[in-house]
Amino acid sequence: MASSLDHGLKKTVWKRIQETIIADCRKSEIWKILILDPFTTKLLSSCCKMSDLMAEKITIVEDLYKSREPVLEMKAIYFMTPTSKCVEAFIQDFKSKPKYKSAYVYFTDYCPDDLFNNMKLSCGKYIRVCKEINISFLPQEAQVYTFDNPGAFQSIYSSHSQDRRKTLETLADQLVTLCATLDEYPGVRYKKDGNMEHALTLAKLVDDKLSVHYELDNGGKRKGKTQAQLLIVDRGFDPVSPILHELTYQAMAYDLIEINEDTYKYKANNGAEKQALLNEDDMLWVKLRHRHIAEVTEEIPKLVKEISASKNKQPDAKITISNLSQMMKKMPAFRKQMSEKTVHLQLAEDCMKHYSNNVERLCKAEQDLAVGSDVDGVKVKDPMRTLLPVLLHPYSIPDKIRAVLLYIFSLNGTTEENLSKLIQHVKIEDQREYILNWKQLGVPIITVPSFFPRKSSRRDRSQEQTYNLSRWTPVIKDVMEDAVENKLDTREWPHQSECPAAWNGSGAVSARQKHKPSSQDERRGARLIIFIIGGVTHSEMRCAYEVTQAVKSCEVIIGSSHILTPASILDDIKALSKGPMETFTLTIDERSNA
């Protein structure tokens, strides 16, 4: 895991920013102001700290859209998305009375000619630098990226959408900036689906834009394919993973606990409101996030005991939030060391409360429906018998909806009559969209007689050691492993463009493949980049790390427009019924306005 963090996306993005924006800053000893829009604020805060900026003589960070006092003796660095709103805000800073001595302008992506010309005409004499640095994505984790665009789900899947093509174009542009930042020119493949064309459309767009990008970037000299493969897949390829109760720490926490913007809020023992950021600056979070909750609840008290043993005369005493709080009050030096552990002790306890109350009983039924067999490997012959106890128990409506969906997915659809009965059972007659709208993702809800039933074969994992209530493996993990072993069926995964040598032929990708390492990344056998249209789950994110750890010679990077939780995808599915609007999508323009 350490190597993944050392060479992860966040480090790569920060290095790219250093090579462009920061390198230009270093040419002058004058202290500077950095001006950001909402998207670039998120981007920069994801990969560096204020102290990193201070070290580069950036003394103030300001909001592009807020009123600011003029500082005529200082140079201003503008890092922004190439949108009309951003450019207009920039022009206003210099049009009548200049706010700063000069401007260094950096766009996340290609700036349209009309915006560039408008800028040049209005305040060209103040602009010292104007560059496009090709980073239009957020490095969420070491191996996870997002486009900060949850609205893309509605734009792509709603039958009322008026901007589906525009959204796919924007996603393609952003994927190109991801590849460019990684210095990759990948072969592109997509998951073929008779019902949905989105993956094919996006694959064509990305491949065309990559070709243009690398022709432009090399002054007409075409860059050859690198040892990377990009796989594009629609969300409907695995409807189970987004709604299943997961028992690994990160996925469980984001499902059961209210965590917004990666911030966990909780009450301390004295009743004070506290909050903690769950990100890769917290090494304990990195260590525990993909582990099963059973291991986490054992590990945290063990770590706490190791630290407290030297401070506490009763090292074998039971570790609770209460006695930790008392110890921290008595020993200020101890406080900092323990705070990280205390956060996770509290978060794990919160997860376990939910688990003990309801989730534990739900999980057995969910796993049996998802996997199609029970703990002993005996096939589930009558899924209704598995579902019925869930419907009869006073679980919450969302939990019952999730169970009903798993039942329907296990059968590849049900009859109109049976569906009506299920909807009545759950008492969601006026909210049936939670179930019916999955068909807009190409997922069978109502049974349609067919000579070619939709059934995908899964990898045999019967010999793998798993927890009884965590037997389901996300479908994307099969895809990752098959891709790395060059076992993806070309009929199901057609090539949109030629694949580099590392991904041709049979056998696993070799760590000995000859490839000159780029300055971007010293560790590389090959890269597998995955993009899921419509959102990625925390369990699918975990798979990228697991496969990378197992294979060693190939790094798997996964991402989407946004990260899903079970609650968020159910809301998104229901919202697909909304009538026509001017636009659904949160495009790159709107992201900068957010």
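The values are calculated or read from the model by the stated rules, or taken from the named source; none is laboratory data. Remember, it's a predicted structure, so these values are computed and weren't measured experimentally. So basically every Cβ, Gly included, is an ideal-geometry build from the backbone, and we count neighbours across all protein chains shown. We work out accessible area using only protein heavy atoms, side chains counted, and drop any ligands, DNA or RNA first. Shrake-Rupley method; radii C 1.70, N 1.55, O 1.52, S 1.80 Å.
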> Phe94 is checked against (1) more than 23 Å from the chain's Cα centre (by Cα); (2) open to solvent by 10 Å² or more (accessible area, probe 1.4 Å) and fails just one. What number does that condition carry?
Replying inline: (2)
> Does Leu303 satisfy the condition of being open to solvent by less than 10 Å² (accessible area, probe 1.4 Å) and farther than 29 Å from Lys400 by Cα?
Replying inline: no
> Exactly one of (1) farther than 18 Å from Val233 by Cβ; (2) of a type in the set (Gly, Ala, Ser); (3) open to solvent by 40 Å² or more (accessible area, probe 1.4 Å) is unmet by Gly194. Its number?
Replying inline: (1)
>> Given the criterion over 17 Å from Glu349 (Cα atoms), of a type outside the set (Val, Ile, Thr) and outside any strand (DSSP E or B), identify the matching residue among Asp255, Asp281.
In response: Asp281
> Restricting the search to segment 375-409, which residues are open to solvent by less than 50 Å² (accessible area, probe 1.4 Å) and of a type in the set (Asp, Glu)?
Replying inline: Asp399
> Which residues, taken from segment 128-143, are open to solvent by 10 Å² or more (accessible area, probe 1.4 Å) and modelled with pLDDT under 95?
Replying inline: Arg128, Val129, Cys130, Lys131, Glu132, Asn134
> For segment 19-55, which residues satisfy the criterion of being surrounded by 19 or more Cβ atoms within 10 Å (Cβ to Cβ), over 26 Å from the mean Cα position of the chain (by Cα) and without any contact (Cβ under 8 Å) to a residue 40 or more places away in the chain?
Replying inline: Ile22
> Limited to segment 72-84, what total is found for residues that are touching a Cys at 6+ places or on another chain (Cβ under 7 Å) and assigned to a loop (DSSP other than H, G, I, E, B)?
Replying inline: 1
>> From the list Asn412, Asn358, exactly one residue is in contact with an Asp or Glu (Cβ under 9 Å, 6 or more places away or on another chain) and open to solvent by 10 Å² or more (accessible area, probe 1.4 Å). Which is it?
In response: Asn358
> When you look at Lys166, is it of a type in the set (D, E, K, R), free of Cβ contacts under 8 Å to residues at least 24 places away in the same chain and open to solvent by 10 Å² or more (accessible area, probe 1.4 Å), yes or no?
Replying inline: no
> Only one of (1) free of Cβ contacts under 8 Å to residues at least 60 places away in the same chain; (2) open to solvent by less than 10 Å² (accessible area, probe 1.4 Å); (3) touching a Ser or Thr at 6+ places or on another chain (Cβ under 9 Å) is not met by Ser102, so which one is it?
Replying inline: (3)
> Restricting attention to segment 262-287, and to residues there that are open to solvent by 30 Å² or more (accessible area, probe 1.4 Å) and among the hydrophobic types (A, V, I, L, M, F, W, C), which single residue is farthest from Ile300 (Cα to Cα)?
Replying inline: Ala272
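Please enumerate the residues belonging to segment 370-401 that are charged (D, E, K, R) and either more than 32 Å from the chain's Cα centre (by Cα) or under 13 Å from Asn358 (Cβ atoms) (or both).
Initial filter on segment 370-401 (charged (D, E, K, R)): 374, 376, 379, 381-382, 385, 399-400.
Result: Asp376, Lys379, Lys381, Asp382, Arg385, Asp399, Lys400.
Residues that are closer than 28 Å to Ala575 by Cβ and of a type outside the set (Ser, Thr, Tyr): which strands (runs of 3 or more DSSP E) entirely in segment 85-159 hold 1 or more of them? Spell out how you get there, then give the answer.
Details: elements: 100-107, 127-132, 138-141, 144-146.
Fully inside segment 85-159 and qualifying: 138-141, 144-146.
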